[in-house]
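Engineer: Handing you this structure, nothing more for now.
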Amino acid sequence: MKPRAVLDSSTVVSAIGWQGEARRILSLLAKRAFTSCTPAALSEEWAEAVAMTAALPNWRNPNWATWLVWLRTVSVLAEAVPLRRTVKRDPKDDSVLAAALGAGAAYLVSYDRDLLDLGKPFGIQCIHPRAFLIVLVSSLASGG
């Protein structure tokens with residue numbers, strides 16, 4: 001069974017804006033190596049974060065809006081679940097964790113230290129994009 005993952009906005013911005021590990025995750029999503037899940041609210045957060053970052057001078061992708069449409073299209077829509085306050089340093093991140101929980105995701109992929117420091121809340125592995133790539137490549141190698 002393919003892993004289910006929620007991509008945090010930090011991962012989406014990096015993937016769409018620059019070459020690197022986060023972009024490789026989107027390439028593997030295009031190859032159906034995993035299932036991306038998102039509630040509508042997180043999808044809107046992706047759009048806001050990418051639009052804001054795209055205004056910066058070092059932004060590398062003029063086609064970012066098309067990328068967002070594609071990402072929304074290939075992601076499974078999920079409902080976030082109500083959640084008690086979990087992310088102490090940045091309570092706004094609770095919505096991302098609630099999204100992963102509602103999606104039944106095994107992974108929450110992020111560069112955000114506040115999320116990564118949680119470890120494995122509610123059985124969801126908060127994981128850096130580089131580590132998620134290792135998981136995906138291992139899964140593909142084992143025929144998963």
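Engineer: Could you go through the stretch 26-44 and let me know if any residue there is closer than 27 Å to VAL135 by Cα, loosely packed, with under 12 Cβ neighbours inside 10 Å and in contact with a Lys or Arg (Cβ under 8 Å, 6 or more places away or on another chain).
Structural biologist: Yes: the stretch 26-44 contains one or more residues that are closer than 27 Å to VAL135 by Cα, loosely packed, with under 12 Cβ neighbours inside 10 Å and in contact with a Lys or Arg (Cβ under 8 Å, 6 or more places away or on another chain).
Engineer: Hand me the list of helices (runs of 4 or more DSSP H) wholly inside the stretch 1-112 holding 2 or more residues that are under 18 Å from ILE124 (Cα atoms).
Structural biologist: 9-17, 94-103
Engineer: Looking at the stretch 117-131, which of the residues that are assigned to a helix (DSSP H, G or I) and in contact with a helix residue (DSSP H, G or I) (Cβ under 6 Å, 6 or more places away or on another chain) is surrounded by the most Cβ atoms within 10 Å (Cβ to Cβ)?
Structural biologist: So, considering only residues that are assigned to a helix (DSSP H, G or I) and in contact with a helix residue (DSSP H, G or I) (Cβ under 6 Å, 6 or more places away or on another chain), the one surrounded by the most Cβ atoms within 10 Å (Cβ to Cβ) is PRO129.
No value in this document is a laboratory result; all are computed from the given coordinates. Since this is a predicted model, take the numbers as computed values, not measurements. Here Cβ is always computed from backbone atoms with ideal geometry, including for glycine, and neighbour counts include all displayed protein chains.
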